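In what follows, a structure is listed as structure tokens, so that the remarks can point back to it.
The values are calculated or read from the model by the stated rules, or taken from the named source; none is laboratory data. The shown structure was predicted, so the numbers you read here are calculated from the model rather than taken from an experiment. Every residue, glycine among them, receives a Cβ derived from its backbone with ideal geometry; neighbour counts consider all protein chains shown.
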Amino acid sequence: MEPDAEPIREYIRALLPLPRAGVEAVLEQERTTTGLQPNIGPEVGRLLALLVRLTGAQRVLEFGSSLGYSTLWLAEALQSTGGRLVTIERDPRLLERARGNLAAAGHGERVEWILGDARESVNGLSGPFDLILQDSEKALYPELLERTIALVRRRGILAADDTLFRPMGVPEKFSRPMHQYNELVFADPRLYSTILPIGDGLTLSVKVAD
């Protein structure tokens with residue numbers, strides 16, 4: 001018999017500590033702001049923070065900061081490694097609010113903020129990055145994959161959020177590019193990939209060849 005997923009999720013969330021500073025303010029802002037994509041959630045946030053610590057990451061790239069929830073998880077982890085975060089956000093209002101949230105949490109100096117469309121901004125970046133989080137506009141996941149592979153170091157990690165949209169029944173407009181992204185990373189001999197059923201799905205790919 002399949003276990004009920006909700007008690008399992010509640011049990012895990014009861015154990016997971018949130019970032020020490022700033023996250024409650026971000027969550028409150030999310031509750032009162034319309035039109036936002038859901039944040040990555042504590043399970044994905046904790047895993048990303050673990051990967052930063054595990055790899056000793058010095059450079060991390062984030063696509064889509066929104067109000068700064070995932071940015072807080074990454075920045076706090078990078079404080080322990082002495083690394084830095086580059087984050088790209090296309091909405092100037094969201095970027096300014098995220099910047100304020102990170103500054104209030106004491107992590108403002110650890111983040112480089114880029115305002116712009118990811119399609120254009122990514123071309124001005126130089127690698128290598130140790131970890132790249134893709135959480136931008138869903139249509140961009142497959143479109144930017146080749147560039148992110150080029151930017152991540154060998155043995156570095158590509159993390160893509162929301163990749164189980166298709167089996168969750170999310171409308172095709174959003175789920176189609178996620179499914180395409182999954183097919184691409186699993187077929188690419190340069191990557192070793194898996195999907196974790198946490199949050200709305202997290203696809204992790206390690207770059208094993210150039």
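Listed by position, the helices (runs of 4 or more DSSP H) enclosed by the stretch 104-210 that each have at least 3 residues that are more than 15 Å from the chain's Cα centre (by Cα) and free of Cβ contacts under 8 Å to residues at least 12 places away in the same chain are 172-187. Taken over the stretch 16-52, the criterion of being modelled with pLDDT of 85 or more, assigned to a helix (DSSP H, G or I) and within 21 Å of Phe165 (Cβ to Cβ) is satisfied by Gly41, Pro42, Glu43, Val44, Gly45, Leu47, Leu48.
Against the conditions (1) touching a Leu at 6+ places or on another chain (Cβ under 7 Å); (2) touching a residue at least 60 places away in the same chain (Cβ under 8 Å); (3) not in a strand (DSSP E or B), Leu94 satisfies every one except (2). The one condition from (1) surrounded by 21 or more Cβ atoms within 10 Å (Cβ to Cβ); (2) at pLDDT 95 or above; (3) among the hydroxyl-bearing types (Ser, Thr, Tyr); (4) under 22 Å from Leu74 (Cα atoms) that Tyr181 does not meet is (4).
Being among the aliphatic types (A, V, I, L, M), under 25 Å from Ile195 (Cβ atoms) and at pLDDT 90 or above is a description that does not apply to Leu95.
Checked against the criterion of being of a type outside the set (D, E, K, R), under 12 Å from the mean Cα position of the chain (by Cα) and part of a loop (DSSP other than H, G, I, E, B), the candidates Ser66, Ser70 yield just one match: Ser66.
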